[in-house]
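The values are calculated or read from the model by the stated rules, or taken from the named source; none is laboratory data. Since the structure is predicted, the reported quantities are computational estimates derived from the model, not experimental observations. Positions of Cβ are backbone-derived with ideal geometry, glycine not excepted, and every protein chain shown enters the neighbour counts. The area values use the complete protein model at the heavy-atom level, side chains included, leaving out ligands, DNA and RNA. Shrake-Rupley method; radii C 1.70, N 1.55, O 1.52, S 1.80 Å.
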Amino acid sequence: MVEGHGIHRIALGHRRLLLGKIFTATSPNGRFSAGAKEIDGKVLARIEPHGKNLFYFFEPDGGVVRIHLGMSGRFVTHRSPGPPPKPTTRLRLSNEEFVVDLSAMTCLHSAADEYESMIAKLGPDPIREDADKERLWARMQATKVSVGKLLMDQSAVAGIGNIYRSEILHTTA
């Protein structure tokens, strides 16, 4: 599963390549057809990583797409025209420069004003500059749950997976 640092890496690369561009959006496997229709022909205006989630904002009024790659999801970017999509491709964004294929556990379309409520359900993302470390500290002090278990709780701290949990616990003994 992609942990938070990998999500931030995807966001950084996509910001460099894709922001400000208009895309044709399709759902090759049909599992995101309604969402693809909502963002088709819109400008990719903003990309926000938070924990293990990516949020892609489309304007005007295209809303936001929330993506969680799960255990085996991935984004693959090709120069146009790109290869045919795979059977697992939920979302394909394409234009004259790039083809971006997404296979993911979660790919949900919402109104952009729902972003804040989605983020509120997640804990602070320690990689983000706006992370509220005091929120995590307060949660740690108020629970009897083990530190290891708390680190895996995405509502406590977003983005840490089993690999980083193990490393944190090993380093701090």
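Each of I22, L108, G41 was scored by the projection of its Cα onto the charge dipole of the chain, and the greatest displacement toward the positive side belongs to L108; charges sit on the C-beta of Lys, Arg, Asp and Glu.
Based on Cα contacts under 8 Å between residues 6+ apart, the chain shows a relative contact order of 22 percent. Once C-alpha pairs closer than 8 Å and six or more residues apart are averaged by separation and normalised to the residue number of segment 71-173, the relative contact order reads 19 percent. Computed extension length for L19-M140: 39.8 nm, one decimal, from 0.36 nm per residue of separation with the Cα-Cα distance subtracted. Applying 0.36 nm per residue to the separation of T106 and H170 and subtracting their alpha-carbon distance, the gain on full extension is 19.9 nm. Over the residues of the chain, the helix contribution to mean residue ellipticity at 222 nm works out to -9000 deg cm²/dmol, using -39500 (n - 2.57) for each DSSP H run of at least 4. Its Cα centre serving as origin, the chain has a Cβ charge dipole (Lys and Arg +1, Asp and Glu -1) of approximately 540 debye. The mean accessible area for residues of segment 58-159, using a 1.4 Å probe and ignoring ligands and nucleic acids, is 58 Å² per residue.
The relative contact order of segment 1-98 comes to 32 percent, based on Cα pairs under 8 Å that sit 6 or more residues apart. For K21, the aspartates and glutamates whose Cα falls under 14 Å of its own Cα, not counting residues fewer than eight places away in the same chain, are D40, E59, E96, E97.
For the chain, with all protein chains present and a 1.4 Å probe, just round the carbon and sulfur fraction of the accessible area to a whole percent.
55
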